[in-house]
Amino acid sequence: MGFLKIDKVTKSFGSLTVLHQTDIEVEEGEFLVLVGPSGCGKSTLLNMIAGLEPVSSGDIVINGRSMNGVRPADRNIAMVFQSYALYPNMNVGENISFGLEMHGVPKEEREKAIDSVADLLQIKHLLKRKPGQLSGGQRQRVAMGRALVRDPDVFLFDEPLSNLDAKLRVDMRTEIKKLHQKLGTTIVYVTHDQIEALTLSTRIAVMFGGHVQQLGTPKEIYDNPANMFVAGFMGSPS
Ligand code: ADP
Ligand code: MG
């Protein structure tokens, strides 16, 4: 059984059903990319995994534990969004440290954790700067640092690179991939960019019309699309 299990999850907003009985299993250490056109329910699914949005029916199970009724703060999950949402008045170090402080981690331990994450993301020289003094790529790195420092069971990314210019997007893609290879954290990563999905993932779930159209390795999806939608969506760049 998967480390993270989306078990027959249905999600409706009023009369609009966004996801129908969705089943996805993610193995520990896997890099799963959810891909699909805008509005197909990718963010909604991530928000349900994080506990920011309740499921209408079904269950989300992490490491054998049902998440029904478990508050976001009690799920060991970190999320990185497209908008960086850094605290503008705190410097980089404080931004990274804040979540740990909230969880009562002692100062000495916090400093060690910040140091190792800053090292990993190559932002040591930026720790005293304010977010306003950083480039888009640096800010995104800090946002990742803030998520990573909590050593999450599952790392969720919602289109983290879509605000960056093309060159930086390619660089960050390489870095995220390296980071995953180094840490082996379980990742669920949302994008509407096919190339990003194909280059980053160990497996891809292609979503459309409230259903997972195909779940497979990049090679399987690219070489053997399950239907016309997958062939069209994955075959042509956005
Ligand atoms: P994606 O991330 O794939 O672009 P979303 O998960 O954001 O798609 O949205 C899926 C659908 O659910 C869209 O039609 C969107 O308008 C709708 N939706 C998302 N959140 C809400 C909400 N809080 N209330 C009503 N409708 C919502
Ligand atoms: Mg979205």
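The values are calculated or read from the model by the stated rules, or taken from the named source; none is laboratory data. Keep in mind that what you see is a predicted model, and the values were worked out from it rather than measured. With ideal geometry, Cβ positions are generated from the backbone for all residues, glycine too; neighbour counts draw on all protein chains shown.
Residues that are away from ligand 2 (no atom under 16 Å from the Cβ), within 15 Å of the chain's Cα centre (by Cα) and aromatic (Phe, Trp, Tyr) number at least 1 in the following strands (runs of 3 or more DSSP E) confined to region 2-106: 31-35. Which condition number in (1) more than 12 Å from ligand 1 (Cβ to nearest atom); (2) closer than 25 Å to THR217 by Cα is the one that VAL35 fails? The failed condition is (1). Could you give me the residue pairs with C-beta distances under 8 Å whose first residue belongs to region 87-111 and is crowded, with 17+ Cβ neighbours inside 10 Å, whose second residue is among the polar types (S, T, N, Q) and part of a helix (DSSP H, G or I) wherever it lies, and which are 6+ apart or on separate chains? From residues that are crowded, with 17+ Cβ neighbours inside 10 Å, the pairs are ARG110/SER97. Pairing each residue of region 157-178 that is in a helix (DSSP H, G or I) with any residue that is not aliphatic (A, V, I, L, M), provided the two are 6+ apart or on different chains, yields C-beta distances under 6 Å for LEU168/GLY137. Scanning region 19-69 for residues that are surrounded by fewer than 21 Cβ atoms within 10 Å (Cβ to Cβ), among the hydrophobic types (A, V, I, L, M, F, W, C) and in contact with a helix residue (DSSP H, G or I) (Cβ under 7 Å, 6 or more places away or on another chain) yields ALA50, LEU52. Scanning region 119-156 for residues that are in a loop (DSSP other than H, G, I, E, B), among the aliphatic types (A, V, I, L, M) and modelled with pLDDT of 95 or more yields a total of 1. Go through region 180-191 residue by residue and tally those that are buried (at least 19 other Cβ atoms within 10 Å of the Cβ) and part of a helix (DSSP H, G or I). The number of residues fulfilling the criteria is 1.
Answer with yes or no whether VAL142 is closer than 26 Å to ILE60 by Cα and β-branched (Val, Ile, Thr). Here the answer is no, as VAL142 does not meet what is asked.
Beta carbons closer than 7 Å, at least 6 apart along the sequence or on distinct chains, pair a first residue in region 192-203 that is surrounded by 21 or more Cβ atoms within 10 Å (Cβ to Cβ) with a second that is among the charged types (D, E, K, R) for GLU196/ARG173; LEU200/ARG173; LEU200/LYS177. Remark: pairs (first residue in region 22-48, basic (Lys, Arg); second residue outside any strand (DSSP E or B) and crowded, with 19+ Cβ neighbours inside 10 Å; Cβ separation under 7 Å; 6+ apart in sequence or on different chains) = LYS42/GLY36. Residues in region 204-238 that are in a helix (DSSP H, G or I) and surrounded by fewer than 20 Cβ atoms within 10 Å (Cβ to Cβ): PRO218, LYS219, GLU220, TYR222, ASP223, MET228, PHE229, ALA231, GLY232, GLY235. The residues in region 164-200 that are under 15 Å from the mean Cα position of the chain (by Cα) and farther than 19 Å from GLU28 by Cα can be counted, and the count is 7.
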